[in-house]
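Take a look at the structure set out below.
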Amino acid sequence: METPFALWVYLSATPLLWLALTVVVWVFADWLAQRAGRNPLVNPVMIAIVAIALILVATGTPYRTYFNGAQFVYFLLGPATVAIALPLYKNWPTVRRKALPMLAALVAGATTAIVSAVAVAAAWDVPRTVLISLAPKSVTAAVAMSISDHLGGIPALTAVLVAITGVLGAVIVTPVMNATGVRDYAARRFAVGVAAHGIGAARAFSVDPVAGTMAGIVMGLNAVFSSLLVPVFVRLFMAGG
């Protein structure tokens, strides 16, 4: 019994173990989603988060130990965010033609996402750091965590809230759009790009490449716009409180 335990103690302290585990769990989660026909309820991000959390709890592994091993994935968030510029560049003529309605929808969507979250949090008198951490929940993770850290929030909490927002958005976007009678794929994925950032955009790509491109473009624009807007609204609510 001592040999397997000693081996586990050694491996659990090895960064490569947690990086490999993250990749394996993601591949398995994506395989399950594919087998389920990309059903929105079988979201690979949600499956991967739950699976890794259960593994950490079952093995008594601190999050810091896991993060030290899997932080290369976190590092890739930066390049992945910058890569959002590629679909924007490739589809610039379309973006330019629809600039005015896109800008109006982006302003309305981003403002609603920020104000609704901060207003509810302020009404419940949540701690200042939690309110700040909640404000950028609809922005892609790398940018949201940076905004949270800059304003004095908790980046780790922001990352959790971003993941929850993205998963919920990816799951409910299709039923909500069907219920409201929105049939245009560009409009549907524009909405998911604003509300559910990268996870929503990934869901959009799995349904339709054009819609996915639109969601990716909007996700990038929303990141820029929200990085300017979140500090303004946070300070307004703080001053009002």
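Points to keep in mind about this one:
- Candidates ALA108, ALA104, ALA135, filtered to the one that is under 28 Å from PHE205 (Cα atoms) and under 19 Å from the mean Cα position of the chain (by Cα): ALA135
- Counting residues in the stretch 221-236 that are surrounded by 21 or more Cβ atoms within 10 Å (Cβ to Cβ) and closer than 18 Å to ASN91 by Cβ gives one or more.
- If you go through the stretch 85-118 and keep only what is closer than 20 Å to HIS197 by Cβ and among the polar types (S, T, N, Q), you end up with ASN91, THR111, THR112, SER116.
- Check on VAL162, under 19 Å from MET238 (Cβ atoms) and either surrounded by fewer than 18 Cβ atoms within 10 Å (Cβ to Cβ) or free of Cβ contacts under 8 Å to residues at least 60 places away in the same chain (or both): no
- Subset of the stretch 169-190 that is closer than 17 Å to LYS137 by Cβ and more than 14 Å from the chain's Cα centre (by Cα) - its residue that is modelled with the lowest pLDDT: VAL173
- From the options VAL182, VAL194, residue that is assigned by TED's automatic domain parsing to the domain that holds GLY109 and part of a loop (DSSP other than H, G, I, E, B): VAL182
- Answer from VAL162, VAL126, VAL130 - the residue that is among the aliphatic types (A, V, I, L, M), closer than 30 Å to THR22 by Cβ and either in contact with a Lys or Arg (Cβ under 8 Å, 6 or more places away or on another chain) or not in a helix (DSSP H, G or I) (or both): VAL162
The values are calculated or read from the model by the stated rules, or taken from the named source; none is laboratory data. Only a predicted model underlies this, so the values are computations on that prediction, with no experimental measurement involved. A quick note on method: Cβ atoms are made from the backbone with ideal geometry, for glycine too, and the neighbour counts reach across all protein chains shown.
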